[in-house]
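Participant: Dropping the structure in here first, questions after.
The values are calculated or read from the model by the stated rules, or taken from the named source; none is laboratory data. Predicted model only: the values in this text are computed from it and were never measured. Using ideal geometry, Cβ is built from the backbone for each residue, glycine included, and neighbour counts are taken over all protein chains shown. Calculation scope for accessible area: heavy atoms of the full protein, side chains included, ligands and nucleic acids excluded. Shrake-Rupley method; radii C 1.70, N 1.55, O 1.52, S 1.80 Å.
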Amino acid sequence: MIALPKTAMVLAAGLGTRLKPITDTLPKPLIPVAGRSLLDRCLDRLVEVGVERAVVNIHWLGEQIRNHLQSRTDIEILISDESDALLETGGGLVRALPLLGEAPFFSVNADLIWRDARGNSLKRLAQRFDPAAMDALLLLQPTIAATGYDGQGDFTMDQLGQLKRRDIRDVAPFVYTGVQIVAPALLRDAPAGAFSLNLLYNRAIAAGRLYGMRHEGDWMDVGTHAGLAEAEARLAERISHGRRA
């Protein structure tokens, strides 16, 4: 268990190609779902648990994101500018590391919506995270309960939470939600330039230091038009029942 992180990385630099033509003129993190942008929904969740600083990386239509974030006064926003080159998830974290500090931090993708059913998932991650044993702790959604997701899952998980990759021929029981706690140790000796965080996950798996925690609640992948429409419908239903969207 660690103290609840006060810093978070928000990965917002993606191109959003699967949501064209919307993303031709609007960056994916600023797409509204039930009246609020994906990026603001993400930041709202971080503010709820006391995160004080968010590092947001930008690339495609990044000035729109930079300008939009000027309206946030409830959290300190630092920009990690990738306008010179898109660095992918791994390279993006490495570039932002000087802004993130030396303590474990939350990392959240800006193209998802998650809702908790049993306790706050970010608090649960902090309560579960053990930096002596873990380089990263990933929030995982059961593949069969992942809204807007049509893939084969990402990981298997043992009783202690240790993760392994799915066999290429199988459907894995869990999909990575895009929400995690990362220790800076995960990024030690990382390659330069653009690379996927999966490279470091694989290294952590080999060392027995990649762990997962099952999410208790809804998770919505809004990276496609179908996923976006389904998320709109789900949130509209919540609103119609008098619940928070």
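Participant: Show me the trypsin sites (Lys or Arg not before Pro) within the range 87-155 that DSSP assigns to loop and that have at most 16 other Cβ atoms within 10 Å of their Cβ. Display every interim value, and only then the final one.
Facilitator: Working: sites: 95, 115, 118, 123, 124, 128; in loops: 118.
For trypsin sites (Lys or Arg not before Pro) across the range 87-155 that sit outside H, G, I, E and B with at most 16 neighbouring Cβ atoms in 10 Å, the list reads 118.
Participant: For the range 183-192, in order, what is each residue's ³J(HN,Hα) by Karplus, 6.51 cos²θ - 1.76 cosθ + 1.60 with θ = phi - 60°, in whole Hz (x at glycine and Pro)?
Facilitator: With coefficients 6.51, -1.76 and 1.60, one gets 8, x, 4, 4, 8, 4, 6, 6, x, 7 Hz.
Participant: Cross-link partners among lysines for residue 123, C-alpha distance below 21 Å, same-chain residues fewer than 8 apart left out?
Facilitator: Of all the lysines, those that pass the test against residue 123 - Cα under 21 Å, at least 8 places apart if same chain - are 6.
Participant: Now a separate question. Using only helices, what value at 222 nm comes out for the chain when you add -39,500 (n - 2.57) per DSSP H run of length 4 or more and divide by the total residues, to the nearest 500 deg cm²/dmol? Kindly include the intermediate steps, with their values, before the conclusion.
Facilitator: Numbers: 7 runs with 69 residues, N = 245.
Theoretical 222 nm ellipticity from helices: -8000 deg cm²/dmol.
Participant: Give me the dipole magnitude in Debye, nearest 20, for the chain about the Cα centre, with unit charges on the beta carbon: positive for Lys and Arg, negative for Asp and Glu. Display every interim value, and only then the final one.
Facilitator: Working: 28 positive and 29 negative charges, 97 e Å.
That gives the chain a dipole magnitude of about 460 debye.
Participant: Do any trypsin sites (Lys or Arg not before Pro) in the range 173-220 lie in a loop, going by DSSP, with at most 16 other beta-carbon atoms within 10 Å of their beta carbon, and if so which? List each step's numbers first, then the result.
Facilitator: Values: sites: 188, 203, 209, 214; in loops: 188, 209.
Within the range 173-220, the qualifying trypsin sites (Lys or Arg not before Pro) (loop, at most 16 other Cβ atoms within 10 Å) are 188.
Participant: Now for a different question. So for the pair residue 63, residue 118, with labels modelled 7 Å out along Cα→Cβ, what separation do we get in nm?
Facilitator: 4.9 nm
Participant: Ordered by residue, what ³J(HN,Hα) values in Hz, to whole numbers, does the range 132-149 give under the Karplus form 6.51 cos²θ - 1.76 cosθ + 1.60, where θ = phi - 60° and Gly and Pro are x?
Facilitator: Calculated HN-Hα couplings, in order: 5, 10, 10, 8, 7, 10, 9, 7, 10, 10, x, 4, 6, 10, 9, 5, x, 10 Hz.
Participant: Which helices pass in the chain if a helix is a full DSSP H run, must span at least 15 angstrom along its long axis by Cα, and must have mean Kyte-Doolittle hydropathy not below -1.0? List each step's numbers first, then the result.
Facilitator: Details: long enough: 38-48 (16 Å, 0.22); 88-100 (17 Å, 0.75); 225-240 (22 Å, -0.17).
Length and hydropathy pass: 38-48, 88-100, 225-240.
Participant: Now, a different point. Calculate, for the range 3-61, the solvent-accessible area per residue in square angstrom, rolling a 1.4 angstrom probe over the heavy atoms of the protein chains.
Facilitator: 36 Å²
Participant: Taking only the alpha-carbon atoms of the chain, what semi-axes of the equivalent ellipsoid follow from 5 times the gyration tensor eigenvalues under a square root, in whole Å, largest first?
Facilitator: Details: eigenvalues 122, 98, 68 Å².
Over the Cα atoms of the chain, the ellipsoid semi-axes are 25, 22, 18 Å.
Participant: Calculate one ³J(HN,Hα) per residue across the range 2-12 by plugging θ = phi - 60° into the Karplus curve 6.51 cos²θ - 1.76 cosθ + 1.60, and present them in order as whole Hz with x for glycine and proline.
Facilitator: So the Karplus estimates, Gly and Pro as x, are 10, 5, 4, x, 9, 10, 9, 9, 10, 7, 10 Hz.
Participant: Quick check: pseudo-label points 7 Å beyond the Cα along Cα→Cβ at residue 150 and residue 72, how many nm apart are they?
Facilitator: So the two model labels end up 3.1 nm from each other.
Participant: Count the DSSP beta bridges whose two residues both fall in the chain, then state the antiparallel fraction as a percent rounded to the nearest 5. Spell out each step's value before the answer.
Facilitator: On the way: 22 of 43 bridges.
If we restrict to bridges inside the chain, about 50 percent are antiparallel.
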